[in-house]
Structures are given as C-alpha cells and as structure tokens.
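The values are calculated or read from the model by the stated rules, or taken from the named source; none is laboratory data. Predicted model, so just to flag it, every value in this text is computed and none were measured. Counting neighbours? That spans all protein chains shown, and the Cβs are built from the backbone with ideal geometry, glycine included.
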Amino acid sequence: MKTALVIDDHPITHLGASRLLRDLGYDPVGQAMSGEDALAQLAHEPAPALIVLDISLPGTGGLDLVAPLKALAPDARILIFSMNDQTGFAARALQAGAQGFLSKNAPPADFREAVRTLEAGEFYLSARQALALATLRSGASADPLAALSDRERQVLGLIGRGLSLQAIADELRVSYKTAANTSSSLKKKLGVDGINGLMKFALDSGV
C-alpha cells in the first residue's frame, strides 16, 4: 500500500493533488495545512512514501521543512509543488533535500510524470527548470535571494509577515527612510512591483 501526505494551506490544492495521487495508487492520502501540522502527524503516524510540499506555508516555509520532514520520514520522496516558478527555486529545493520540483501551473500529466519519476528513485524537474538549474551551475545566473544582504532578507521576511514599512522600521529600530530604501532595493533586485509583489515573493520563497 502506497501512502502520501500533501502539505499545503489551500483546500483546492489538497482536493486536486489527492485525486491525482489516488489515481496513481496512493491510499490513504494525508493532508496537512502547515508544516507544524505535518510534523505532528508524522510523529504519531507511519511515514508516507511520498510527500507533496508547498513552499509558501503559514509558519515555517516549505524549504525549511524538508530537513525535519526527512528526519521523521527518511524514506519518503519529497516533491515541491509551488506557484513560484522563478529561476533558482528548483535549485534551492534540491539543495534542501527534495527530490523534485513542479510548478502548480503545470498540467496534470506533468504531476503524474513527476510522481512516477520520484517513485523510480530519480529526480524530477521540468525541462525549463532543468535548463535553469544547468544555467545556475554554470554561473551564468544566480539565485535571486543570494544577492540580498542580511538586512534585505530581514525586511523581506517582515514584509512577508504583513508588516507595514513603519512597523518594520520600529521592529528593526531603523528610520522609516531606511526601511523604505531597503524596500526599493528589494524590488529592483527581485524584479517585482510594489509591496504586494514583495509580500508574494516572500511567502512563495519561504523567507
């Protein structure tokens, strides 16, 4: 009997992924809405053969969950399933210990292919992500987060938590102008528009 666990905070994703997994012979398919919920389940239940994991989760981000998930379920194959398809995230997912990366914009056939590939003990990336990873390794491109300073990472994380620029300035004990300038720098480096764009980037990347 093959079992799976889907970790995602969107009920629609649970519904769609669970149906596809059951069609592939997984039963039961467990569900968790957060990393903390998933870890609590794994501490008291048999480890699944497959874990489908979103990057953007309440609390601990998906990439930071890979290591503790593998500690509790060392034989489970982990497929990162994310809306964020930016260059570099697939590389970070594999570096964290996942065995595959799939965009939520991919068709169901790609989801099936990804699962079958992981079942065969291989790594899965879409053709575009494989090219992106090869480019990263050649040094022709870079992980967008790698170019950020520690302060910029701090500000991005606080934006992801929904804090205003004034609240961020108060949290970091800097001036509002410093927080605003850091926000502007982040938008240029990450290629996003506005605070909402930064918030989405932060949530999707698990900063």
Does any residue of segment 32-48 turn out to be buried (at least 17 other Cβ atoms within 10 Å of the Cβ), in contact (Cβ under 8 Å) with a residue 40 or more places away in the chain and in contact with a strand residue (DSSP E or B) (Cβ under 6 Å, 6 or more places away or on another chain)? yes
Test for residue 47: is it modelled with pLDDT under 95, farther than 19 Å from residue 102 by Cα, within 21 Å of the chain's Cα centre (by Cα) and not charged (D, E, K, R): yes
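Condition first: part of a strand (DSSP E or B) and out of contact with any Leu (no Cβ under 6 Å at 6 or more places or on another chain). Now tell me which residues in segment 8-35 satisfy that. It would help to see each step written out before you state the result.
Taking segment 8-35 as the starting set, the residues that turn out to be part of a strand (DSSP E or B) are 26-32.
Across segment 8-35, the qualifying residues are 26, 27, 28, 31, 32.
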Could you tell me whether residue 51 is surrounded by 14 or more Cβ atoms within 10 Å (Cβ to Cβ), assigned by TED's automatic domain parsing to the domain that holds residue 116 and of a type outside the set (Phe, Trp, Tyr)? yes
Taking the criterion of being closer than 22 Å to residue 121 by Cα and at pLDDT 90 or above, would at least one residue in segment 7-14 satisfy it? yes
Could you please let me know if residue 133 is under 30 Å from residue 6 (Cβ atoms), modelled with pLDDT of 85 or more, surrounded by 13 or more Cβ atoms within 10 Å (Cβ to Cβ) and out of contact with any Leu (no Cβ under 6 Å at 6 or more places or on another chain)? no
So which residues in segment 66-116 are farther than 16 Å from residue 51 by Cα, among the hydrophobic types (A, V, I, L, M, F, W, C) and in contact (Cβ under 8 Å) with a residue 60 or more places away in the chain? 83, 89
When you look at residue 203, is it within 15 Å of residue 56 (Cβ to Cβ), in contact with a Ser or Thr (Cβ under 6 Å, 6 or more places away or on another chain) and at pLDDT below 85, yes or no? yes
Could you figure out which of (1) at pLDDT 90 or above; (2) in the same structural domain as residue 6 (by TED's automatic domain parsing); (3) over 18 Å from residue 51 (Cβ atoms) isn't true of residue 127? (1)
